[in-house]
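Scroll down for the structure; my scribbles are underneath it.
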Amino acid sequence: MPNLKLIAMRLKSVTNIQKITQSMKMVSAAKFAKAERDLKAARPLGIAAQQFYKSADIQSDKEQPKEIFVALTSDRGLAGAVHSNINKNIRAQLEAKIAAGGPSAIDNCKIICVGDKSRAFFSRFFPKQILMVGNEIGRLPPTFNDASKVANAILSSGYDYDTGKLLFNYYKSVVSNETTELPIYSQELVLSSENVSVYDSLDADVVQSYMEYSLASLIYYCMKEGATSEQSSRMSAMDNSSKNAGEMIDKLRITFNRTRQAVITGELIEIISGAAAL
């Protein structure tokens, strides 16, 4: 027979957890509303920067170009699979390269981890591919200054990449987001594009300035999409956790009442049996 004291302790513990998850859901709901408003203002920046690369039609002729993967996650968890989806996407791409060309096929690939969630993942699976790590991400709403710091870190990393990918979670709705990737290119590759070379007034300094600004704009857009997806995912996760805790509380209360009733019945039987024996 279960111990009444243990059941009571378990019931109290689950009740406290439910209070915490409900509070976290309310906080995430407030942060989500603000993140969604900020995202509407950030999307035009991302769309404009993407349009340049689409119009330029940039392609790399190298057989094994140097690639860079930027995993845009955050430091905070308890948000479902919103961060692990990005990590698993990059892992699948690297494992596909290994399957096609052996372990040396990823020697030209580097990973930049933005947030502790990606750092912890790739430190376990691809530690040699990690180029740098950025932390203190996700505690506050992302700003353009944060995106500029990440862009500056990429450009000044000393790794001369040819192509790259920004991986983030694209926000669709409160209950849906999709892991998406945006391409980035080196300045040399952009200058060698035929569609860009038609502009005679573009020199290396102009292209460099634009590349720096467009990269910061893309990262800012991705970080805003990711922040909105993270808050919506955390809100859903905490709502599910609160419901699960409620179901556990109901079952524990039934078990507690049944056990208490059995204990009382057993004591009554002992008293009646003792009185009958006298």
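The values are calculated or read from the model by the stated rules, or taken from the named source; none is laboratory data. Since the model is a prediction, treat every value here as computed from it, not as a measurement. Positions of Cβ are backbone-derived with ideal geometry, glycine not excepted, and every protein chain shown enters the neighbour counts. Please note that ligands, DNA and RNA were not included when accessible areas were found on the heavy atoms of the full protein model with its side chains. Shrake-Rupley method; radii C 1.70, N 1.55, O 1.52, S 1.80 Å.
Values for this structure:
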quantity: Read-out percent of Cα pairs over 25 Å apart, derived from the coordinates shown; its label in (i) 51; (ii) 47; (iii) 58; calculated: (iii)
quantity: Theoretical gain in end-to-end length, Ala48 to Ala8 [0.36 nm per residue, Cα-Cα removed]; calculated: 8.5 nm
quantity: Radius of gyration, Dmax [region 199-261; alpha carbons; angstrom]; calculated: 26.7, 89
quantity: Debye, to nearest 20: dipole size of the chain, +1 on Lys, Arg Cβ, -1 on Asp, Glu Cβ; calculated: 1920 debye
quantity: Average accessible surface area per residue within region 1-120, 1.4 Å rolling probe, Å²; calculated: 56 Å²
quantity: Point-to-point label distance, Lys243-Glu212, nm (Cα→Cβ direction, 7 Å offset); calculated: 5.0 nm
quantity: Listed residues Gln59, Ala227, Gln261: farthest to the positive end of the dipole of the chain (Cβ charges); calculated: Gln261
quantity: Computed FRET value (nearest 0.05) for Ile17 with Ala153, which takes r as the C-beta separation and R₀ as 45 Å; calculated: 0.70
quantity: Whole-angstrom gap from region 35-109 to region 161-195, using each part's C-alpha centre; calculated: 6 Å
quantity: Surface per residue (accessible, 1.4 Å probe) for region 151-198, Å²; calculated: 49 Å²
quantity: Ranked packing of 75-84, 215-224, most packed first, by mean Cβ within 10 Å; calculated: 215-224, 75-84
quantity: Cross-link pairs beyond the 21 Å C-alpha cut-off, checked among Lys149/Lys224; Lys66/Lys97; Lys97/Lys224; Lys5/Lys25; calculated: Lys97/Lys224; Lys5/Lys25
quantity: GNM top mover of Asp203, Asp162, Asp146 - the chain, alpha-carbon springs below 10 Å; calculated: Asp203
quantity: Cut-off 11 Å (backbone N to label point 7 Å along Cα→Cβ of Asn145), residues of region 98-118; calculated: none
quantity: Stretchable slack from Asp205 to Ala99, in nm (0.36 nm times residue separation minus alpha-carbon distance); calculated: 34.1 nm
quantity: Portion, in percent, of the accessible area of the chain that falls on carbon or sulfur, probe 1.4 Å; calculated: 54 percent
quantity: Estimated FRET transfer efficiency (Ala276, Val27; beta-carbon r; R0 45 Å; 0.05); calculated: 0.15
